[in-house]
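For reference, the structure discussed in these notes is given below.
The values are calculated or read from the model by the stated rules, or taken from the named source; none is laboratory data. All values reported here derive from a predicted model rather than from experimental measurement. Every residue, glycine as well, gets a Cβ built from its backbone with ideal geometry; the counts of neighbours run over all protein chains shown.
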Amino acid sequence: MRRSVLRAVAVAMATAMLQPLQLLAGGWNKAAFDARAVADALKGIGVTATEDSDRIVLKAPEIAENGAIVPLEIASQIPGTEAIYILVDKNPQPLTAVFEFANGAEAFVATRIKMNESSRVRILTRAGGKFYATMREVKVTIGGCGA
Amino acid sequence: MADPMKIRAQLQGDVADVKILIFHPMETGLRKDGVTGQPVPMHFIQTLTATHNGRTVLEAQWSQAVSKNPFLNFRVRGAKPGDKIMVGWVDNRGDKASIEATLN
């Protein structure tokens, strides 16, 4: 589909549906997303220390043939998990996604991300103001950031 | 008209399992146009919000490294037939869309 058409459709849908949904205004953490180093991205999120935890269950491929589509599934078994963060250490900007849970949402998310090259995938969770982490090396055959 | 989003929400006990697919280019700004050789400008979804009967259950922030045509699966406890799940997004150009599903 052509981009211009896609945009027109998206705008038309949003206008036509007149949803009461309140979307975040300015709720995008620019400093953290623009950061080119993991340390700066973590600082942008407000992380000072992380505790390694095997109670974050990460399903990720050992080898991703297509870096444009790397499926990830994350479930946190840490009680009171409020947020999940996905970082890819070697992507141009490591911070990839932030998910904040409320009102009965399970600390679970599955999505697909792009990886520029083989890298450590770093998953953080936040519970009770503390940050927990688990990491996994994912090998990428064909990089996906130019895709 | 093609929908810019698809949603599937299924009840498993009292848990709503919600899967969404958004038709969006998620341009990184690094890709070059095949014809002109010029970089294609960044164009990506930055924020996504999901509600359950109007109450926010999930707020996501994304970078350009979420895959093209983003897929997202999340789960909400305390759901029952007739409940409404709504998901909406806004991209870096201010374009937006939303979709709703009723659980059954």
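Could you check the stretch A:47-143 for strands (runs of 3 or more DSSP E) lying wholly inside it with 3 or more residues that are over 11 Å from the mean Cα position of the chain (by Cα), more than 10 Å from every other protein chain (Cβ to nearest Cβ) and of a type in the set (Val, Ile, Thr)? Ranges flagged: A:130-142.
Residue count for the stretch B:93-104 satisfying the condition of being buried (at least 17 other Cβ atoms within 10 Å of the Cβ) and in contact (Cβ under 8 Å) with a residue 40 or more places away in the chain: 5.
Of the residues making up the stretch B:2-15, those that are more than 9 Å from chain A (Cβ to nearest Cβ) and crowded, with 18+ Cβ neighbours inside 10 Å are B:ILE7, B:ALA9. Checking the stretch B:50-60 against the condition returns a match, with at least one residue being more than 8 Å from every other protein chain (Cβ to nearest Cβ) and under 20 Å from A:ALA102 (Cβ atoms).
Please go through the stretch B:63-90 and pick out each residue that is of a type in the set (D, E, K, R) and either within 14 Å of B:LEU21 (Cα to Cα) or facing another protein chain (nearest Cβ under 8 Å) (or both). Correct list: B:LYS68, B:ARG75, B:ARG77. In the stretch B:27-45, what residues are facing another protein chain (nearest Cβ under 8 Å) and either crowded, with 23+ Cβ neighbours inside 10 Å or at pLDDT below 95 (or both)? B:THR28, B:LEU30, B:ARG31, B:LYS32, listed by residue number. Inspect the stretch A:81-104 for any residue being surrounded by fewer than 24 Cβ atoms within 10 Å (Cβ to Cβ), within 21 Å of B:ALA79 (Cβ to Cβ) and of a type in the set (S, T, N, Q) and give the result as yes or no. Looking for residues that are surrounded by fewer than 24 Cβ atoms within 10 Å (Cβ to Cβ), within 21 Å of B:ALA79 (Cβ to Cβ) and of a type in the set (S, T, N, Q), one finds at least one in the stretch A:81-104, hence yes. Restricting attention to the stretch B:67-84, the residues that are hydrophobic (A, V, I, L, M, F, W, C) and surrounded by fewer than 23 Cβ atoms within 10 Å (Cβ to Cβ) add up to 1.
With respect to B:ALA9, is the statement that it is aliphatic (A, V, I, L, M), closer than 19 Å to A:PHE99 by Cβ and in contact (Cβ under 8 Å) with a residue 24 or more places away in the chain true? It is true that B:ALA9 is aliphatic (A, V, I, L, M), closer than 19 Å to A:PHE99 by Cβ and in contact (Cβ under 8 Å) with a residue 24 or more places away in the chain.
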